[in-house]
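Please read the structure below before turning to the comments.
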2 protein chains.
Amino acid sequence: MKNLPLIFISNDDGINAPGLRALINMMREIGRVVVVAPDKPQSGTAHAITIHTPLRLHLIKQEAEYEEYSCSGTPADCVKLGFKVVLRGKPDLLVSGINHGSNASVSIIYSGTMAAVFEGAMSGVPSIGFSLVDLSVDADFNPSAKFVKVITQAVLTNGLPVGVCLNVNIPKADEGDIQGVKICRQSAGCWQEDFDERTDPIGRNYYWLKGIFIKSDNGLDTDEEALANNYVSIVPVQFDFTAHTAIEELHKWKLDV
Amino acid sequence: MKNLPLIFISNDDGINAPGLRALINMMREIGRVVVVAPDKPQSGTAHAITIHTPLRLHLIKQEAEYEEYSCSGTPADCVKLGFKVVLRGKPDLLVSGINHGSNASVSIIYSGTMAAVFEGAMSGVPSIGFSLVDLSVDADFNPSAKFVKVITQAVLTNGLPVGVCLNVNIPKADEGDIQGVKICRQSAGCWQEDFDERTDPIGRNYYWLKGIFIKSDNGLDTDEEALANNYVSIVPVQFDFTAHTAIEELHKWKLDV
């Protein structure tokens with residue numbers, strides 16, 4: 001059993017999320033599993049880290065080839081604390097999710113699920129984020145299983161290029177209706193915000209964030225396009241944010257002081 | 001006065017941070033200014049958004065060509081709420097900072113200062129983040145002023161390529177010791193975490209995150225190299241995280257289900 005890969009799991013919907021439970025079951029068929037997940041939902045927490053308060057770690061379950069902990073911090077905290085304090089080393093693979101809701105296009109920037117993935121990748125661990133395009137707590141993760149397992153095995157077999165991790169999104173579709181897997185680029189688009197403005201009992205305003213996603217990309221090679229056609233999208237992503245193509249343009253500027 | 005540019009300011013160190021006050025003073029020499037900043041420090045908050053609680057907005061000051069508000073949310077919230085509820089439109093420019101501490105290399109991924117900048121850029125507004133490599137609350141922002149103003153004027157004059165914003169870091173140095181400005185790429189590197197493990201009065205462990213930055217890049221064109229040589233670094237950054245060079249590699253994988 002010692003040759004089984006060591007798989008680290010986290011998420012942002014928290015330790016009790018059905019999507020995490022589904023991912024744990026899938027990964028236990030592939031390797032030894034250690035879970036460190038937030039003790040409460042952390043959606044929209046992005047790559048936040050906890051520096052103003054200390055962190056707690058709570059052992060939930062320990063059995064053959066399996067350990068599970070909850071952590072009081074963010075997904076990024078879970079990975080840092082998980083590697084350093086629980087594993088005291090690095091796993092063979094990190095997987096995060098399965099997120100309840102899409103992390104395609106620019107939603108990646110708000111995603112705690114993908115923050116855990118970037119955190120793993122920055123530590124040199126092959127890392128994959130899985131999201132199902134279904135926000136419901138009753139989302140059906142069964143149709144995802146075979147795709148999650150094939151992609152996981154492919155990463156264990158091939159590794160990933162240095163500095164690259166995967167953002168995988170799975171369409172909401174019945175078993176058999178998912179058409180396959182597509183390698184994509186991140187679709188251009190943005191969230192168009194609106195705020196629900198309300199008044200509290202003592203007459204002061206407060207605001208609830210809401211918004212709709214606006215796709216601004218007609219490319220056939222994007223994650224949004226793949227999902228719209230019932231394909232699983234895989235976008236290789238990186239944490240070097242340099243806009244290399246803009247460097248030449250900026251060199252023309254006069255910046256003498 | 002109506003032709004003065006409208007400049008929106010936010011940060012992550014909060015409404016009372018000396019770095020924000022310094023940036024406000026610099027921008028009021030250039031244009032009309034609206035400030036919406038977090039009502040408390042939000043360092044390390046990254047691109048988190050507030051979806052589980054409503055937001056509050058508090059008017060602090062209103063005078064000719066100047067308005068200032070604090071907001072109960074994150075830097076990204078401040079930009080969303082500021083554009084939608086305060087401006088009811090978009091500014092000519094967004095600036096964020098001046099951050100107390102470096103946001104060079106991979107620190108950008110944890111940065112609330114740069115989250116405000118990405119948020120502006122995703123809305124199509126030319127956006128710049130300024131950070132001083134000095135964590136101290138007593139940091140001297142005076143040597144930064146002429147560089148901040150030159151870079152701001154250059155962006156107002158030239159605009160920025162679509163999907164690109166600027167991560168500007170300023171070395172800690174006396175007036176006259178800063179050598180100039182360099183256009184750079186993001187240095188490779190990572191934070192090597194450690195945790196300070198302590199025991200509370202009832203015997204349970206808790207953990208304080210700490211860490212050191214490890215540079216793993218000998219390039220002469222990086223932000224870290226520029227800063228080490230007392231230059232201001234400008235890295236053009238983007239929110240398309242696609243690792244385009246990895247797409248060809250992934251197309252070779254067997255992903256049949």
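Every number here is computed from the coordinates shown, using simple stated rules; none is lab data. In this text, all values refer to a predicted model and were calculated from it rather than measured experimentally. Please note: Cβ atoms are built from the backbone with ideal geometry, for glycine as well, and neighbour counts cover all protein chains shown.
Some points to look at:
- Tensor-based shape of chain B (alpha-carbon gyration tensor, a/c under 1.5 rounded, otherwise prolate or oblate): rounded
- Alpha-carbon centroids, segment B:193-246 and segment A:59-114: separation in whole Å: 19
- Among beta bridges from DSSP that stay inside the protein assembly as shown, the antiparallel ones total about 45%.
- Counting only DSSP H runs of at least 4 residues, each contributing -39500 (n - 2.57), and dividing by the residue count of the protein assembly as shown, the helix-based mean residue ellipticity at 222 nm comes to -6500 deg cm²/dmol.
- Relative to the other identical copies, B:P5 shows label-point distances of 4.8 nm, where the label point lies 7 Å from Cα along the Cβ direction and values run shortest first.
- Fewest-first ranking of B:V148, B:V86, using other Cβ atoms within 10 Å as the exposure measure: B:V86, B:V148
- Under the shape rule built on the C-alpha gyration tensor, where the axes satisfy a ≥ b ≥ c, segment B:124-257 is oblate, since a/c reaches at least 1.5 while a/b does not exceed b/c.
- Shortest first, A:K90 label-point distances to identical copies amount to 4.0 nm, with the label point at 7 Å from Cα along Cα→Cβ.
- Over the protein assembly as shown, the reciprocal of the mean inverse Cα-Cα separation, the Kirkwood hydrodynamic radius, stands at 23.3 Å.
- 3J(HN,Hα) couplings calculated from phi for segment A:105-118 with the Karplus curve 6.51 cos²θ - 1.76 cosθ + 1.60 (θ = phi - 60°) are, in sequence order, 6, 6, 4, 3, 6, 9, 8, x, 4, 6, 4, 4, 5, 4 Hz; Gly and Pro show x.
- Between the residues A:I183, A:N167, A:F239, the greatest Cα displacement towards the positive end of the dipole of segment A:101-257, with unit charges on the Cβ of Lys, Arg, Asp and Glu, is found for A:F239.
- Built amide H within the under 5 Å cut-off of A:L4, gap 5+: none
- Proxy reagent accessibility, fewest Cβ within 10 Å first, across A:K80, A:K252, A:K149: A:K252, A:K149, A:K80
- By the count of neighbouring beta-carbon atoms within 10 Å, fewest first, A:R21, B:R185 end up ordered A:R21, B:R185.
- Backbone amide hydrogens, once placed in the peptide plane, bring B:G163 within less than 5 Å of nothing, excluding anything fewer than 5 places away on its chain.
- The charge dipole of the protein assembly as shown, taken about the Cα centre with unit charges on the Cβ atoms of Lys, Arg (+1) and Asp, Glu (-1), comes to about 280 debye, rounded to the nearest 20.
- Phi-based couplings in Hz for segment A:47-62 (Karplus 6.51, -1.76, 1.60; Gly and Pro marked x): 9, 4, 10, 9, 10, 9, 9, x, 10, 10, 10, 10, 6, 9, 8, 9
- Per-residue Karplus couplings for segment A:128-134, computed as 6.51 cos²θ - 1.76 cosθ + 1.60 with θ equal to phi - 60°, are listed in order as 9, x, 10, 9, 9, 6, 7 Hz, Gly and Pro entered as x.
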